[in-house]
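The values are calculated or read from the model by the stated rules, or taken from the named source; none is laboratory data. Only a predicted model underlies this, so the values are computations on that prediction, with no experimental measurement involved. With ideal geometry, Cβ positions are generated from the backbone for all residues, glycine too; neighbour counts draw on all protein chains shown. Quick note on the areas: whole protein, heavy atoms, side chains included, nothing else; ligands and nucleic acids left out. Shrake-Rupley method; radii C 1.70, N 1.55, O 1.52, S 1.80 Å.
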Amino acid sequence: MKKKDKKKKVKKGKLAQEDSNIPIKNPQIEALSKIVELSDLAEGSLMKGVYDDAIHYSEQVIRLAIENGVDHHIKKQEEFMKVVAEKVQKDFFVSEINEAASKIEMIYDVLIKAENFNQAHEVLEAFKIHYEDKINLGSIQIIQDLIKKDLKERIKFKVSQQNDN
């Protein structure tokens, strides 16, 4: 009898090994895996600055999360979309500000050459006030350069006024 018991144990062991080779498919786990994969792709696209792809992947995550009732991932993607929107807006403003700043710089230079120091300063201040609530102007090089230039020109103007008196 002992020999028969051994044979049965071996057969059960082989069956257990064969069963472990068959992948068990769980649709919810597959969906979560796909959600994580798409979330990673969305984050990677955001890091590269490819906002359209980031939005596309995020949209796919939201759809999968809705289909599978995973509200947590929907909330995460809502927050992610807000970050994408902020970055897009910042890029837009930086581009717009750079373009406007180069025009302001030309006007500023013309006014300085015409010795209209106060008017040149007022133009720059109006520009700064218009954009200061939209983006940190100190982070844009052309604006920093204009502010330094304005400070130098105001100092020159005040010195020349004192010398005239």
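List of remarks:
- Against the list (1) among the aromatic types (Phe, Trp, Tyr); (2) under 15 Å from the mean Cα position of the chain (by Cα); (3) closer than 30 Å to Lys148 by Cβ, the condition Phe80 fails is (3).
- Single residue of region 131-165 satisfying the filter (modelled with pLDDT of 85 or more and closer than 13 Å to Ala100 by Cβ) that is most open to solvent (accessible area, probe 1.4 Å): Ile142
- Lys128 vs. criteria under 19 Å from Asn98 (Cβ atoms), open to solvent by less than 60 Å² (accessible area, probe 1.4 Å) and either in contact with a Cys (Cβ under 9 Å, 6 or more places away or on another chain) or in a helix (DSSP H, G or I) (or both): yes
- Ala100 vs. criteria at pLDDT below 90 and surrounded by 12 or more Cβ atoms within 10 Å (Cβ to Cβ): yes
- For region 55-97, filtered to residues that are among the aromatic types (Phe, Trp, Tyr) and within 14 Å of Ala42 (Cα to Cα), the residue that is surrounded by the most Cβ atoms within 10 Å (Cβ to Cβ) is Tyr57.
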